[in-house]
Amino acid sequence: MKTRSWVRGLPLRSSDFPAGTPLNHFFAWNEKARRHDRRYIIARDLYRLITALGNHDAARATAVGHLASRPVIAARRDRRMLIVNEAPAIDALHDGNVGGPAVAAARQTVERLVASIGSSDIDAHAALFTAFERLASEIDLDALARRHPFLKPAVRRKSPRRILVVRLSALGDFVQALGPAAAIRRYHRDDHITLLTTSVFAEFAQRLDFFDAVMIDRRPGLLDVPGWLALRRRLRQGGFDRVYDLQTSERSALYARLFRPGPIPQWSGVAGRCSHPHANLNRDRQHTIDKQAEQLLMAGIHRTPLPLLPRLDCELPRRLVGQQFVLMVPGSSPRHLAKRWPARRFGMLAAALRRAGYTAVVIGSNAERALGTAIAEACPEAIDLVGRTDIETVAALAQRAALTVGNDTGVTHLAAAAGCPVVVLFSGASDPAWCAPRGRMVRVLTTPNLDDLELDEVLAAALGVVERRRQPAADNAQPETAGKTSASGAWG
């Protein structure tokens, strides 16, 4: 026998989760959004239902029934819900041994929602998003999130699924996406993963173990209609089931529209109305690694490791065979000259390190040849490889170097991902809290004006890092995953 009644449960708000946690971010974002995420609507429904019915085991069994057996919530009005009481179905679901995959997924979702409330444990928050992914494989969440919820089985997706990862440029950003790429590969171990990137990184990406295919984005200009049509055709022909947009720029978000008028794949990123938004109002103030790790967490992927390159083969220059050497990165983007420590001081540092038993190896782009020349003039023993290395060679050199010293530029991120200790120099032109390299051992020196950073301070930091590297391996272990509380961590 059916009975209907209006009930009023407790609201679930961002303040019910500790500040700075993923669910606090997720709920705060939805509280400001005009269109709510379906998982947010369902989570609030479940909490109102459970608290309205007494917050006991039978109430939670009712919530499980709402997700997997027959919707208990018939309608919502302000803070009230019209619920349908059907005792036999609800009592059956109270037995943990009853039900198929949909009931098991529903029970897990309810349990993990309750466990996450008030918890500062990132794993508990990640577990709820993972539970929603499992539930979504059984039940259409959009149908449950409607004003008048109804149950509809999820569309079964073919296997293996086709996954697209978007990461275009620049070098530092590409390197920082290697941790997320590893996490995506682990999560989609049986699926086919394609990387969409620019030609600069295509060859390097093909040598990594994260991608099954690489698609080159020619980055058509605003008025390049044929270029946009070609990109649209290639994206639509890919048959992608899910897209992880790690670029999260206005341009990459626009790519979601290229799938229209057909269906847009499941989309993790910031594209309008995407299925798995990175729902954080302050995402632009997060470190890139933290941002991407939280983005993946909200798509059901946890944990995200720090960027780490596989071992790369490279024949060392003859002058380096049998020597200890330090990589020097005196350049930066030509648009940000304030990020450069003076080349003459790099030369003085090279000479000082030479006296300490280390050969300086100077690397950079063709446009930075003058910097290599200036350093060689101050330290003739330095090896000038400026303009003579590609990404893979630099990474292989970093894996063998005792240390890398450089400015805030992509190569220092590459060195950190290669496992090399790094001393990186930051001016007031950028904030290391948002973009410093992260790795096994990274020392950041900051000053508003790099002209004021003295040689002695950089030399002391360099020698200190080298000495620390000589300590027992347990003291220098690479963090397995990112950790928000450490200076070199992220969500994980």
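The values are calculated or read from the model by the stated rules, or taken from the named source; none is laboratory data. In this text the structure is predicted, and so the values were computed from the model without any measurement. Here the Cβ positions follow ideal geometry from the backbone for every residue, glycine too, while neighbour counts run over all protein chains shown. For accessibility, only protein heavy atoms count, side chains too; no ligands or nucleic acids. Shrake-Rupley method; radii C 1.70, N 1.55, O 1.52, S 1.80 Å.
Quick notes on this structure:
- Taken over region 278-306, the criterion of being within 8 Å of the chain's Cα centre (by Cα) and either assigned to a helix (DSSP H, G or I) or basic (K, R) (or both) is satisfied by T288, I289, D290, K291, Q292, A293, E294, Q295, L296.
- Residue check for N55: outside any helix (DSSP H, G or I) and either under 20 Å from A124 (Cα atoms) or in contact (Cβ under 8 Å) with a residue 60 or more places away in the chain (or both): yes
- Subset of region 307-359 [in a loop (DSSP other than H, G, I, E, B) and either touching a Phe, Trp or Tyr at 6+ places or on another chain (Cβ under 8 Å) or without any contact (Cβ under 8 Å) to a residue 40 or more places away in the chain (or both)]: E315, V321, G322, Q323, Q324, P330, P334, R335, G357, Y358
- Restricting the first member to region 453-471 and to residues that are at pLDDT below 95, and the second to residues that are among the acidic types (D, E), the beta-carbon pairs closer than 9 Å and six or more apart or on different chains are R468/D475.
- Residues located in region 119-145, provided they are assigned to a loop (DSSP other than H, G, I, E, B), among the charged types (D, E, K, R) and surrounded by 14 or more Cβ atoms within 10 Å (Cβ to Cβ): E138, D140
- Output for region 411-444, where each listed residue is under 18 Å from L463 (Cα atoms), of a type in the set (A, V, I, L, M) and in a helix (DSSP H, G or I): A415, A416
- Some residue of region 243-250 being without any contact (Cβ under 8 Å) to a residue 40 or more places away in the chain and in contact with a helix residue (DSSP H, G or I) (Cβ under 9 Å, 6 or more places away or on another chain): no
- Residue list for region 26-40, restricted to those being touching a helix residue (DSSP H, G or I) at 6+ places or on another chain (Cβ under 9 Å) and open to solvent by 30 Å² or more (accessible area, probe 1.4 Å): W29, E31, H36, R38
- Residue list for region 432-446, filter: under 21 Å from A338 (Cβ atoms), touching a helix residue (DSSP H, G or I) at 6+ places or on another chain (Cβ under 9 Å) and surrounded by fewer than 22 Cβ atoms within 10 Å (Cβ to Cβ): A433, W434, C435, R443, V444, L445, T446
- Taken as a whole, region 368-386 holds at least one residue that is in contact (Cβ under 8 Å) with a residue 40 or more places away in the chain, open to solvent by less than 20 Å² (accessible area, probe 1.4 Å) and part of a strand (DSSP E or B).
- Members of region 252-268 found to be free of Cβ contacts under 8 Å to residues at least 60 places away in the same chain, out of contact with any Leu (no Cβ under 6 Å at 6 or more places or on another chain) and in a helix (DSSP H, G or I), listed by number: A253, L254, A256, R257, F259
- Taking region 177-235 as the range and being part of a loop (DSSP other than H, G, I, E, B), under 23 Å from L312 (Cα atoms) and either open to solvent by less than 60 Å² (accessible area, probe 1.4 Å) or of a type in the set (G, A, S) (or both) as the test, the residues that pass are A177, T198, L208, F210, F211.
- Qualifying residues in region 250-268 (those that are among the small types (G, A, S) and surrounded by 15 or more Cβ atoms within 10 Å (Cβ to Cβ)) - the one farthest from the chain's Cα centre (by Cα): A256
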